[in-house]
Amino acid sequence: MRNYLQDYRILSCHSLKEAVLALQETPTPVPIAGGTDIMVYLNYHRLPVGTYLDLTSIPELKTSIEIREKEVVFSALTTYMDVRLNSFFASNMQMLSQAAQVVGSIGIQTRGTWAGNIANASPAADGVPALMAYDASLILVCASGEREVSLADFYHGYKKMDRKQQEIISKIKIPIPQIKSREYYRKVGERKAQAISKVILAGRLALDEQKKIQHIRIVYGSVMPYTYRSRTTENLLLGKELTQDTIHQAVRQIGEELKPIDDVRSTAHYRRKVAQNLLQEFLEG
Amino acid sequence: MMSELQKQDIQFTINGKKWQGKVHPMKRLLDTIREDIGLKGTKEGCGEGECGACTVLMDGKPVMSCLVPVCQADGHEILTIEGLEEQGKLHPLQESFVKEGGAQCGICTPGMILSAAAYYNDPRIAKDLPESISGNLCRCTGYTKIFSSCHHAMDKKESCCGGKK
Ligand SMILES: Cc1cc2nc3c(=O)[nH]c(=O)nc-3n(C[C@H](O)[C@H](O)[C@H](O)COP(=O)(O)OP(=O)(O)OC[C@H]3O[C@@H](n4cnc5c(N)ncnc54)[C@H](O)[C@@H]3O)c2cc1C
Ligand code: FES
Ligand code: FES
């Protein structure tokens, strides 16, 4: 046995209730789902020592995808592969199946969860922009009860989010689009598989009978320090006709609005340019 | 009741046989397979989920065993390269890797074959063969012979079983 393992403790729980009570301990145990983020740290001896809570042991979290009349509900343990294997998504909520397919590789998709992607709070998360563009919300549970938060309001800085350490994301609720819309999801990375994104754009657009924009979502991943929904550019577009002129205005606006990160994977300059190009591609259809 | 023991009783099925042992729950499935069970066919490359050398099938689906804490394998079915042959007969993929020269140093081979085998058994898990092994890196072959080995096996399956399942 690797000797550092003895510094770690794993709790398994027989119910969600037991789990949220366990999260009242100090220091707070850290949830582990598919482990595709956490175990990398362990292998590099960079995982903080302490207690971890195995979410896969909790029966209530094991429910598979629920498709209701107006919404889809993921559990904490829904994986990318679960979405790939469910034909509903390819025909009804394409961005989710596209996002599922660009994450890592098959062996990551079978284990990695959407909730883990959200809670890991990487700006480069591939699943989060698609969920946000569909107006997903999260159910967070802790010992004192549960609450619902809109994913678009969840992040407010690099790895900063509206989740207390004692809270588990138990469900992700995603409204099924009720109006026909154009959807766009594109990840720009070094290669197709096993690549961390440099820029992601997830977008939805619907026009009314007068060809005016009645619904628009513009969500960037890997550009800002957190997954970023551009409400300013959305507002600029809302109610306008989708002309070349409008598109140019939006592309210029997004260039000014974004303050891209500059890191090992890419420069701020490149990210801004690509973010603009993707928006143009999305809007031009 | 909550269990919080240092080492835990873990049991799962591996290559069709039940296995049971006392292991630290955070121990990697990879190390459990190699050290506690003694099957050395599963290799470690990167130790961070990138290379696929440690791929095993868990309930029929490929997973990177370097990223699986063993407590999460409890109660599941694991297949390693040692369990792929049936009654002493190599799996068609193994056979064609031998025939077509799909392996050189062999470090990537068990993972490569298991990823391809998961796709062979259930083509829904990937768009196509290249995607099914896109998480398996090879430093030796340049992939051409890996692809031709896999394609040979797949073609044979299609001609004998009347196409994809
Ligand atoms: C080789 C490799 C390639 C990858 N490629 C990609 C990629 O292309 N795109 C991408 O977006 N990501 C990628 N990832 C990262 C990772 O796979 C995803 O972020 C995945 O969705 C994480 O989910 P998980 O269940 O494995 O998380 P875990 O590792 O179990 O947890 C991640 C974090 O979330 C917390 N957490 C998990 N579940 C919950 C919950 N229900 N409630 C509260 N907190 C929770 C954990 O405490 C931890 O902080 C890759 C990882 C690897 C190793
Ligand atoms: S050793 Fe597990 S993926 Fe490389
Ligand atoms: S044969 Fe050597 S790494 Fe593939």
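The values are calculated or read from the model by the stated rules, or taken from the named source; none is laboratory data. A quick note: this is a predicted structure, and the numbers were derived from the prediction, not measured. Reconstructed Cβ throughout: ideal geometry from the backbone, glycine too, with neighbour counts over all protein chains shown. These area figures cover heavy atoms from the full protein model, side chains too; ligands, DNA and RNA do not enter into them. Shrake-Rupley method; radii C 1.70, N 1.55, O 1.52, S 1.80 Å.
What to note about this one:
- Area projected by the alpha carbon convex hull of the stretch A:90-221, averaged over all directions, nm²: 9.0 nm²
- Magnitude of the charge dipole, the stretch B:1-109, Cβ model with Lys/Arg +1 and Asp/Glu -1, debye to 20: 180 debye
- Separation of alpha-carbon centers, the stretch B:1-59 and the stretch A:176-200, rounded to whole Å: 34 Å
- Using a Förster distance of 41 Å, the FRET efficiency for B:Asn121-B:Lys40 (Cβ separation, nearest 0.05): 0.95
- For chain A, a Gaussian network of Cα nodes joined below 10 Å ranks A:Val103, A:Val40, A:Val223 by mean-square fluctuation, and the top entry is A:Val40.
- A:Arg46 paired with B:Lys7, simple spin-label distance in nm, labels 7 Å along Cα-to-beta-carbon: 3.1 nm
- All alpha carbon pair distances within the stretch A:1-95 were sorted into 10 Å bins beginning at 0; the resulting P(r) in whole percents reads 14, 37, 29, 17, 4, 0.
- R0 of 30 Å, Cβ-Cβ distance B:Glu82-A:Val264: FRET efficiency to nearest 0.05: 0.15
- Relative contact order of the stretch B:44-165, defined on C-alpha pairs under 8 angstrom at six or more residues apart (%): 28 percent
- Rg over Rh, two decimals, the stretch A:27-142 (C-alpha only, Kirkwood Rh): 0.96
- Over all distinct Cα-Cα pairs of the stretch B:95-165, the Kirkwood formula returns a hydrodynamic radius of 12.2 Å.
- Low-density loop positions, GluC sites (Glu not before Pro), the stretch A:130-228 - DSSP coil, at most 14 other Cβ in 10 Å: A:Glu190, A:Glu209
- Under 5 Å, built H, 5+ apart or other chain: amide partners of B:Ile14: B:Trp19, B:Ile78
- To the nearest 10, the accessible area of B:Trp19 is 40 Å² with a 1.4 Å probe.
- Per residue, the protein assembly as shown exposes an accessible area of 44 Å² to a 1.4 Å probe, with every protein chain left in place.
- Sorting A:Val188, A:Val264 by accessible area puts them as A:Val264, A:Val188; the probe is 1.4 Å, largest comes first, and only protein heavy atoms count.
- Listed residues A:Lys187, A:Lys259, A:Lys171, most fluctuating in chain A (Gaussian network, C-alpha, under 10 Å): A:Lys259
- Residue of A:Asp54, A:Asp208, A:Asp82 that the Gaussian network model of chain A assigns the largest fluctuation, springs spanning Cα pairs under 10 Å: A:Asp208
- Taking label points 7 Å from Cα along the Cα-to-Cβ direction, A:Ile67 and A:Asp162 give a separation of 3.0 nm.
- Each part gets one Cα centre, and for the stretch A:43-90 versus the stretch A:212-280 those centres are 30 Å apart.
- Cross-link partners of A:Lys70 among lysines, defined as those whose alpha carbon lies under 18 angstrom from its own and excluding same-chain residues fewer than eight positions apart: A:Lys171, A:Lys173, A:Lys180.
- Each residue of the stretch B:87-99 is assigned a 3J(HN,Hα), and the resulting list reads 6, x, 10, 4, 5, x, 5, 4, 4, 6, 4, 5, 5 Hz, derived from the Karplus form 6.51 cos²θ - 1.76 cosθ + 1.60 (θ = phi - 60°), x at Gly and Pro.
- At 1.306 mPa s and 10 °C, Stokes diffusion of the protein assembly as shown via Kirkwood alpha-carbon radius, µm² per second: 68 µm²/s
- Spacing of the two label points (7 Å from each Cα toward its C-beta) at A:Glu256 and A:Ser15, in nm: 5.7 nm
- For the stretch A:1-81, the share of DSSP beta bridges that are antiparallel, to the nearest 5, is 20%.
- Nearest-10 value in Å² for the accessible area of B:Phe147, using the 1.4 Å probe: 60 Å²
- Note: relative contact order over chain A, using C-alpha pairs below 8 Å and six or more positions apart, is 15 percent.
- With all protein chains modelled, accessible area of A:Lys211 [1.4 Å, Å²]: 130 Å²
- Stokes-Einstein translational diffusion, the stretch B:21-165 - Kirkwood Rh over all Cα pairs, 1.306 mPa s, 10 °C, in µm²/s: 103 µm²/s
- Put simply, the amide H of A:Leu207, placed in the peptide plane, has neighbours under 5 Å in A:Gln214, leaving out anything fewer than 5 places away on its chain.
- Using θ = phi - 60° and Karplus 6.51 cos²θ - 1.76 cosθ + 1.60, couplings along the stretch B:142-149 (whole Hz; Gly, Pro as x): x, 6, 4, 6, 5, 4, 5, 4
- The stretch B:1-87 - percent relative contact order, Cα under 8 Å, separation 6 or more: 34 percent
- Neighbouring Cβ atoms from other chains, within 10 Å of the Cβ of residues in B:56-66, number 4 on average.
- Averaged over the residues of A:53-59, the number of partner chain Cβ atoms lying within 10 Å of the residue Cβ comes to 3.
- Principal semi-axes of the equivalent ellipsoid, √(5λ) from the alpha carbon gyration tensor of the stretch A:173-232, are 26, 13, 11 Å from largest down.
- Summing charges over all other residues whose Cβ lies under 14 Å from the Cβ of B:Glu100, with Lys and Arg as +1 and Asp and Glu as -1, gives +1.
- Phi angles across the stretch A:52-68 convert, under the Karplus curve 6.51 cos²θ - 1.76 cosθ + 1.60 with θ = phi - 60°, into 3J(HN,Hα) values of 10, 10, 6, 5, 5, 8, 8, x, 5, 8, 8, 4, 7, 4, 10, 10, 9 Hz, Gly and Pro given as x.
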